[in-house]
Amino acid sequence: MTEKKRTIFCDIDGTIFKYRKFEELKTTKPELTPGALDKLKRWKRDGCMIVFTTARPEEYRNHTIKEFLLLDVPW
């Protein structure tokens, strides 16, 4: 029997990144919340599927991806 992967749903702002207002996203540097990156990397290493949820408008999708890449956030 194949073991199912765990799926982790995780919010972005205030959970992975320190909270910033939408209008500040493109003018301020993203900062990770303490311990977030280590936890995400552990989940990824353990084979979990990580699904990010956000209230960010669609227009920030590419910007969000750039922030993930900049800070080495697994996704």
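A few comments on the model shown:
- Expressed as a whole percent, the accessible surface of the chain that belongs to carbon and sulfur atoms is 54, based on a 1.4 Å probe.
- Label zone at I8, where the point sits 7 Å out along the Cα-to-Cβ direction: segment 22-64 residues whose backbone N lies under 12 Å: 35-52
- For segment 1-39, trypsin sites (Lys or Arg not before Pro) meeting the loop criterion (DSSP other than H, G, I, E, B) and having at most 13 other Cβ atoms within 10 Å: K4, K5, R6, K21, K26.
- For the chain, accessible area per residue (1.4 Å probe, heavy atoms of protein chains only), Å²: 75 Å²
- Helix-only mean residue ellipticity at 222 nm for the chain, each DSSP H run of n ≥ 4 adding -39500 (n - 2.57), per residue, nearest 500: -8000 deg cm²/dmol
- For the chain, the set of GluC sites (Glu not before Pro) satisfying both a DSSP loop assignment and a count of at most 10 other C-beta atoms within 10 Å is given as E3.
The values are calculated or read from the model by the stated rules, or taken from the named source; none is laboratory data. Because the structure is a prediction, the values reported are computed rather than measured. Ideal geometry is used to build each Cβ from the backbone, glycine not excepted, and the neighbour counts take in all protein chains shown. Note: areas computed on protein heavy atoms with side chains; ligands, DNA, RNA excluded. Shrake-Rupley method; radii C 1.70, N 1.55, O 1.52, S 1.80 Å.
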